[in-house]
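Values quoted throughout were computed directly from the atomic coordinates according to the rules given, and no laboratory measurement underlies them. The structure displayed is predicted, hence computed values, not measured ones. Heads up, the Cβs are rebuilt from the backbone with ideal geometry, glycines too, and the neighbour counts pull from every protein chain shown.
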Amino acid sequence: MKKQVLKCFLLIFLFGFSSVYSQYTEVINSNKPGFSESPYSVGTGVYQFESSIFLKNTSIEPTFSRPQSLGFDMLFRTSFFLEKLELNAQVSYQRDKIAFKNIFTSHYFTTGLGKFTIGAKYLLFQQEYEDKSKEVRSWKRRNAFDKKRLIPSVAIYAGINTDYVNDIYKTGGISPKVGLLLQNNLSSDFNIISNVFYDKIGTDFSELSYIVTGTYNFSDRWSTFFENQTIFQKDQNNTNLGTGLAYLFNKNLQINSSARLVIEGKSQGIYANFGISYRINKHKDAFKQLDENGRELKETPVSKYNKKQNGFFSRLFSIFTKKKNKRGRPKRSRKRKN
């Protein structure tokens, strides 16, 4: 009787462990090339850099407008204390064309920081899914849609916009930014990330925005996305529709690119970027799981299934494990919307 109670307690503990320690992934989990942000952290001991070169070119409108921007954007992500808590900083350095159109059209160029934001996000709820691959008695049950997939994982975001930016981006001082981050993994290949942000709070330039991104993995190394972002401002609304590709070069390096149709008030144009995401992986598990004989458990069925659902390239680590198995090496644990 005591052994049964102990086994039940161990099973409950393992379920809790898979939920708490599922932020780290064996394969890099990048937000790029989309603008949306996943609710999941990179995990403790990971230092991740998501960089891109971008170009925006739009039509010149009456009075003042910013029809062209060429720059470099960098997002740094890490976690020190809790698996569910991520600290990040985003900075962009760019050259902007400022145009004035009245009877005649004139312009000048300015260079400097376009953004410098420091923030953090915390995962409030992580959805878990049934492993139906183990169901052998019923084909219908094995292929039925898991209704839990309609309930998203949820995180909150809070950040600060600094005032160390170019004059054309200044808002009159430091301003806060808050957000709600959601992710639905509708299948092992397809997920949807939804973000809502309230930015530059308390300034004359405050804005409310949403982003919806659908991501699909169609091979071991390639993934694509479709995205809509709309920003509601006091004087005008800005919208962009984008798509792009991401390529997993190795488990710590991702290459990506995207193209977008941009509509900013009456102005229209395009936005394109090319980026690289790279991580320095110093992650270590908080403790080791042991079986009844004192041997280390590399992974459990519960943690293996739930962790593989979460990342942008969550399923792609299989290519590395397959290569290692061919060389006679043991499989390493896999893992976690977009």
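Shown here for the stretch 239-271: chymotrypsin sites (Phe, Trp or Tyr not before Pro) in loop regions (DSSP other than H, G, I, E, B) with at most 14 other Cβ atoms within 10 Å, of which there are none. Taking 7 Å steps out from each Cα toward its Cβ at residue 219 and residue 255 produces label points 1.3 nm apart.
Please work out whether the stretch 34-76 counts as rounded, prolate or oblate from its C-alpha gyration tensor, where a ≥ b ≥ c are the square roots of the eigenvalues and a/c under 1.5 means rounded, while otherwise a/b larger than b/c means prolate and anything else oblate? It is prolate, given that a/c is not under 1.5 and a/b is the larger ratio. Among the listed pairs 84/282; 32/97; 148/251, give every one whose C-alpha distance is greater than 20 Å. Table pairs above 20 Å Cα-Cα are 32/97; 148/251. Taking each of 177/284; 101/200; 234/266 in turn, the alpha-carbon distance tops 23 angstrom for 177/284; 101/200.
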